[in-house]
Structure formats: structure tokens, C-alpha cells
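Below is one structure, written out as C-alpha cells; the observations come after it.
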Amino acid sequence: MIGAVAMIAFGVLTINEAYKALNFDTIVLLLGMMIIVAYLQAGGFFDTVAAFILRRARTGNGLLLTIILSAGILSALFVNDTICLMMTPFVLLLTSRSKVDPKPYLIALASSANIGSVATLVGNPQNMLIGTFSRWPYIQFLAAMFPIALVGLALDYVVLRTFFGRSLKEDLIPYDDGLKTDNSNPVMWKSIVVMAIVIAGFSAGVNLAFMAILGAALLVLIANRRPDEIFAKVNWSLLLFFGSLFVVVAGINKVGLVADAHKLLEGYFSTSLSNQITSFSFASLVLSNVVSNVPYVMVVQHWISAFSSPRLMWLVLAMSSTFAGNLTVAGSVANMIVLELSKERADFRFWEFTKVSGTIALATWGAGTAMLLLYAALFRL
């Protein structure tokens, strides 16, 4: 916010240029999804999912696989950060009761939430930006990215089994008490129906932002919950961050820094499409951890049109900037949410987390890049 105000105060942008820089499609999409997720939370949907997992986990290996699949699928639908926020306490609950090390399961939660979120245009904030900038249809993006997410989740499981195989063989104590879930809660079912309508609209090609805010408005009308209670759960700081970032990037672009950076890297992004995919993917992996993936996507959106296959390069950007989130502790907000909520029970050291999560990031990024090279060879995207 300070940076956005400085752009105007120092004359880089006029206030009208700052207003024009705001991408309301992205902001409204984020707002709509946050409201829908808040209603799902208020209806007990995430408690029901967590209870289902906890009551059926019998071995460490079974819990690991269930967490990976659940977090991966739910993140594609409801935004990865939210899933980590909702599921971390339940993972800690079961591991505490069974007296097993929670660390493998916490890494599984954070990494699979990041990986699964790549599958859709609403799975994470950077994909929302890419959906707005690229105009990729929701269902076509899903068809292209779902196999990459699936392979990524499989590699996530393999890497975690490799690092923690021995400890995962232990039997767990089933947790079947103390979990109060109300599957008849009308708010939950209304929210599920509305979310299904929203996804159907996404799939039919209706504007993502409109469908998300339409779903939010429907729930305000029919859920019979005080709207102010729901709005209190919206991450207004994130919306302010996005709005301000649009202004900052517009100022950077106006003075030519984005163009200058592109010129420096232009030789690196060679003329061959396969080389462009590989080099851009690697640059995105690294730079997403230097400046964070959301600002990175905002900056490099201006470079995509210069590639020989812009449509395919949007997929490269989505895959690499998302899988980059597992490279370091600070690579994604999902990682930081899990570590912050679990610090009293699982005090990770930097290298302890990074050696596992980083291995997952490199393995999934390599597989994702290879699959996109295959797409380039088989299809004209």
C-alpha cells in the first residue's frame, strides 16, 4: 500500500492511472471465493472433511495418502491457503493422540495443497491472475493442468515415503470422539450447492469474477447467517495487497523496468519453443522464490506475448510459479500457515523442512516441465 501511494506521491503515476491499473476481475474473483469459503467454513464443511479423514486413518501411510489426496483436491476447488488453515489443527489432533511425529503429515499438507492448486484457475492467487490475464477457459485449463497436478501429487507421496518411510508404518489410534460435526447443517448444504453452480458457470465459460461474486451474493440471500459474521472472515489484507500491487507494477512498467528486465533475459529465452519452455520454467521457479510468485506473475504477464506460443506459456507460468512454492519455507503462504499453526507441536528447522519440501518442488517442477514439453510436441496450444 505504501508503495502504491509512493507511485502517485512521486509522480510516477497519476491517481487516475492508478485507478485504471486495478484489475477488478481478479479482486472480485478473490472476494467472491473468500465469501463462499467463509460460508462453507461456517456450515462446518471443513470440519466434516477433517473428521472423515481422522476417523478412517489407521496407519501412518494411510493418513499420509489421505492428507495428500484430500488437500490436493480441496485446494483445487477452494484455494490452497484456506485448506491449510482448516486442516492443520486436525492433523495435529490425530498425531498428538497417536503419539507420532506430526512433521511428515504437516509437510504433506502444505506441499499437496500447493501442488493440487495448480489444477484450476481458482486454486491459488497466482492462477487467478493468470486466468484473468490469459482468458484461458476454466474447463480447458483444468483438462491441461489436472494431469500435471495428479503426477505432482503422486511424486509428493513418493518423496515423503522416501524420507519418512519407517515412521509411517506405525498404527494410529483412531480418533472417533470429540469431533462434533453436523452433516445436516443447512448452511453447509446450501454452500455446497452454490459452489456447484459456480463451478458449472466456470466450466460453461462465464466470467470467473462474475460467477464467484454471484455465488457469494446467493449465499448472502439464502444462507440465513448474519453477513457481517461472514465478512469478518474475509482476508481484506490480501485484497488490499493485490490492489496495491497492481498499482506498484503499473508504475514499474511505466518507467520501463519490466521492459529492461525482459531485454536482459531475452537472450536466455531462445527462439526454440522447447528451449523457451525449459528456460522460462526454470526462471519462474527461481524468481518466484526471489520476489514471491504473485508479484512475479504480475510482472511477467507482459512478457508472454513475445513467446512463440503464448497460450502454452501461460500454462508454463502457472505450473512453475505454483510448484516453486514448495522450494523453500517462505515459498508460499500455505507453508507459512502450516508452520505457524503447528510451531508449538512441530518446531521445524529451516533445512529440516526445506530438504524435503525442496525435493518435492524440484521433482514436481521437473515432471511438470517435461509434461508441458510433451504438450508442445503433441498439441498446438
> Given the conditions (1) within 30 Å of residue 17 (Cα to Cα); (2) free of Cβ contacts under 8 Å to residues at least 40 places away in the same chain; (3) among the aliphatic types (A, V, I, L, M), which single one is not true for residue 239?
Replying inline: (2)
> What do you reckon, is residue 201 touching a helix residue (DSSP H, G or I) at 6+ places or on another chain (Cβ under 9 Å) and farther than 16 Å from residue 37 by Cβ?
Replying inline: yes
> So how many residues does the range 323-357 have that are within 16 Å of residue 117 (Cα to Cα) and in a loop (DSSP other than H, G, I, E, B)?
Replying inline: 2
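Here's the yes/no breakdown for (1) within 18 Å of residue 152 (Cβ to Cβ); (2) among the small types (Gly, Ala, Ser); (3) crowded, with 23+ Cβ neighbours inside 10 Å:
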{"site": "332", "(1), (2), (3)": "yes, yes, yes"}
{"site": "335", "(1), (2), (3)": "yes, no, yes"}
{"site": "338", "(1), (2), (3)": "yes, no, yes"}
{"site": "342", "(1), (2), (3)": "no, yes, no"}
{"site": "350", "(1), (2), (3)": "no, no, no"}
{"site": "357", "(1), (2), (3)": "yes, yes, yes"}
{"site": "370", "(1), (2), (3)": "yes, yes, no"}
> Out of the range 65-81, which residues are surrounded by 24 or more Cβ atoms within 10 Å (Cβ to Cβ) and among the hydroxyl-bearing types (Ser, Thr, Tyr)?
Replying inline: 75
>> I'd like to verify a number: residues in the range 167-202 that are at pLDDT 75 or above and assigned to a loop (DSSP other than H, G, I, E, B), how many?
In response: 2
> Under the condition of being hydrophobic (A, V, I, L, M, F, W, C) and modelled with pLDDT of 90 or more, which residue from the range 284-299 is surrounded by the fewest Cβ atoms within 10 Å (Cβ to Cβ)?
Replying inline: 286
> Only one residue in 93, 129, 31, 121 is in contact with a Ser or Thr (Cβ under 8 Å, 6 or more places away or on another chain) and either at positive phi or not aromatic (Phe, Trp, Tyr) (or both). Which one?
Replying inline: 129
> Listed residues 316, 338, 356; which is of a type in the set (A, V, I, L, M, F, W, C) and within 28 Å of residue 255 (Cβ to Cβ)?
Replying inline: 316
>> Please count how many residues of the range 203-214 are part of a helix (DSSP H, G or I), modelled with pLDDT under 95 and surrounded by fewer than 22 Cβ atoms within 10 Å (Cβ to Cβ).
In response: 1
> Got a number for residues in the range 92-116 being farther than 17 Å from residue 352 by Cβ and either crowded, with 24+ Cβ neighbours inside 10 Å or at pLDDT 90 or above (or both)?
Replying inline: 5
> Residues in the range 261-274: is at least one without any contact (Cβ under 8 Å) to a residue 12 or more places away in the chain, surrounded by 13 or more Cβ atoms within 10 Å (Cβ to Cβ) and of a type outside the set (Lys, Arg)?
Replying inline: no
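The values are calculated or read from the model by the stated rules, or taken from the named source; none is laboratory data. Please read these numbers as outputs of a predicted model, since none were measured by experiment. FYI the Cβ positions are ideal-geometry reconstructions off the backbone, even for glycines, and counts take in every protein chain you see.
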